[in-house]
Structures are given as structure tokens and as C-alpha cells.
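Right, one structure below, let's go through it.
Values in this text are rule-based calculations from the coordinates and carry no lab data. Note that the structure is a prediction, hence the values are computed from the model and not measured. Because the Cβ atoms are built from the backbone with ideal geometry, glycine has one as well, and the counts that use them run over all protein chains shown.
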């Protein structure tokens, strides 16, 4: 009579463990999840960058970093709190050091627009906060009111007000009527 009760008890423990594994996996230990998050970077109390994301994963193990698996919108601001540039990407990560943002890597359909209306399209972009610069190592396309410039690699100010394409591969002149 004791044997049937013991086997029922063991089988129920196995089922409970499966349910626990479904709810929480070990790979998510040390990860903080966030929904509809805004990250603000300020300098002397003045907002310089705002990042908006629908989902974040802040990884606490090893070197802390924040992942934006469903994309981001980011804005840079001047001293008068006016938007200088905007950026969107379908995926991004932010690496921190000492509680401060060190770099941001944006990937997959990255678009940056500056105050002059110039638009950068690339697949991967890196922002280094300490240098106040953005970098791209792969294909870039910059659309201005007068032309489209194609190239490989880019270095620019973080607000995309000044930029240098490392290797220009083509230029197309645009008439205003073409837009």
C-alpha cells in the first residue's frame, strides 16, 4: 500500500519541475526585464540623450550591459533642450562601466537624421559617449537635399552635424522634383 503513494508523489514532483522550467529558465538569472523604458543621459543636469524602448533586458552578470531586443528610438539634445538628431534601430545594446554608459551599438536598419534633414542609413552603428562620436564600419548611405552619397565606414559627431565617410563608393545628384 505504501508503494502506490510513493510513486504518485514522485510523478507529481517531476511535473512541477517541468512547470518551473517553463516559467523561469536559468539563462534569465541575473537579467532585469523592463517594458516601455526611457533612459536619459545628462551632463551637469542638462539632458543630452534620451533613449526610448518598448523592451529592455539589463544583464547583470560579468560586464553589465542593457539589451534592446525590440529596437530603440534615441534623441540627442543641445544645451537649450532642443532635439539635435534622432536615431532608430531594430536592435541595440548599451555597455556600461562604473554605472555610466560607455558605448551603444545599434544594429539592423539604423537611421539617423540631423537638424539639416540629412539622413544616414546603415546596418550597424557605434556611439562612444566619452568621444561624443558615432562610427560605422560597413555600408553607409547619406541622403541630403542635393545628393545621395554611398560609402563604407563613417565617423561623425554624435549629433550627426558633421561627418566623414571613410570610403565613398558613389554619389547621385538629386533634383528637388525627384524627391
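Looking only at segment 72-84, decide whether some residue is farther than 21 Å from residue 53 by Cα and in a strand (DSSP E or B). No, there is no match, as no residue in segment 72-84 is farther than 21 Å from residue 53 by Cα and in a strand (DSSP E or B). Working only within segment 84-114, note down all residues that are surrounded by fewer than 14 Cβ atoms within 10 Å (Cβ to Cβ) and closer than 23 Å to residue 145 by Cα. Across segment 84-114, the qualifying residue is only 109.
Look at residue 135 and say whether it is more than 10 Å from the chain's Cα centre (by Cα), buried (at least 19 other Cβ atoms within 10 Å of the Cβ), touching a residue at least 12 places away in the same chain (Cβ under 8 Å) and under 18 Å from residue 163 (Cα atoms). The answer is no for residue 135. Taken together, the residues in segment 103-145 that are part of a strand (DSSP E or B) and on the phi > 0 side of the Ramachandran plot amount to 2.
Restricting attention to segment 146-169, the residues that are assigned to a loop (DSSP other than H, G, I, E, B) and surrounded by fewer than 18 Cβ atoms within 10 Å (Cβ to Cβ) total 3. Scanning segment 43-71 for residues that are assigned to a strand (DSSP E or B), in contact with a strand residue (DSSP E or B) (Cβ under 7 Å, 6 or more places away or on another chain) and farther than 25 Å from residue 118 by Cα returns 54, 55, 56, 57, 58, 59, 65, 66, 67, 68.
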